[in-house]
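S.K.: Supplied in structure tokens, the structure appears directly below.
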Amino acid sequence: MNRNKNGSKLAKVLLVTLNGCDKCKKLKASLEIENISVYNMDCDDNPNFCDELESQTNTSNYPMALTERGSLEMIHYVAESYKDLKYTNVIKNNYILQPYLSLELMIEALKQNK
């Protein structure tokens, strides 16, 4: 989802956030400090897309971030529990799942992705 309606690239990282979410703000600020190109998508404006991500990841934890990995898109998110880490690099419906134990680990991984 790093593309606009015309199919051209928008950003290196697509952040999917909730309005008023402190963790969402922290992730966005951390990536911007690193000069990582970020496009923010709020779930209030895109509820169907957010429902799809929640269905793919089996979580309603936010923020989530999407990055390109070859022809697929990777969904980065904080796992609900340790058992969800078994989904690391699992391909599900054209998405690669990438759960993390914490927001801090997710931030570090996205920084390495630049």
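S.K.: Given H placed 1.01 Å from N in the peptide plane, which residues other than close sequence neighbours of Asn40 have an amide H under 5 Å from its amide H?
M.R.: Residues meeting the amide H criterion: Leu15.
S.K.: Still on this structure: Provide the three semi-axes, in whole Å and in decreasing order, of the ellipsoid equivalent to the chain as defined by the square roots of 5 times the Cα gyration tensor eigenvalues.
M.R.: Numbers: eigenvalues 67, 55, 45 Å².
Equivalent-ellipsoid dimensions as semi-axes: 18, 17, 15 Å.
S.K.: What is the pair-distance distribution P(r) of the range 8-74, computed from all Cα-Cα distances in 10 Å bins starting at 0, with each bin given as a whole percent?
M.R.: Binned Cα distances yield the sequence 20, 54, 26, 1.
S.K.: So which of Lys86/Lys111; Lys12/Lys111; Lys28/Lys86; Lys25/Lys111; Lys25/Lys92 end up more than 20 Å apart, counting from Cα to Cα? Intermediate values should be presented prior to the final figure.
M.R.: Details: Lys86/Lys111 23 Å; Lys12/Lys111 11 Å; Lys28/Lys86 26 Å; Lys25/Lys111 16 Å; Lys25/Lys92 28 Å.
Pairs exceeding the cut-off: Lys86/Lys111; Lys28/Lys86; Lys25/Lys92.
S.K.: Sticking with this structure for a sec: For Cα pairs less than 8 Å apart in space and 6+ apart in sequence, what is the mean separation divided by the residue count of the range 13-112, i.e. the relative contact order in percent?
M.R.: Numbers: 158 pairs, mean separation 26.2, N = 100.
Relative contact order for the range 13-112 comes out at 26 percent.
S.K.: Karplus couplings for the range 93-103 from phi (6.51 cos²θ - 1.76 cosθ + 1.60, θ = phi - 60°), rounded to Hz, Gly and Pro as x?
M.R.: Listing the rounded values in order: 6, 6, 10, 9, 8, 9, x, 10, 6, 8, 5 Hz.
S.K.: Arranged from highest to lowest average of other beta-carbon atoms within 10 Å per residue, in what order do the peptides 63-74, 22-33 appear? Let's see the in-between values first.
M.R.: Values: 63-74: 17.3, 22-33: 15.8.
Ranking the peptides 63-74, 22-33 by packing returns 63-74, 22-33.
Computed from the coordinates by the stated procedures, all read-outs in this text should not be read as laboratory data. Everything numeric in this text was worked out from a predicted model, so none of it was measured. Cβ: placed from backbone, ideal geometry, glycine included. Neighbour counts: every protein chain shown.
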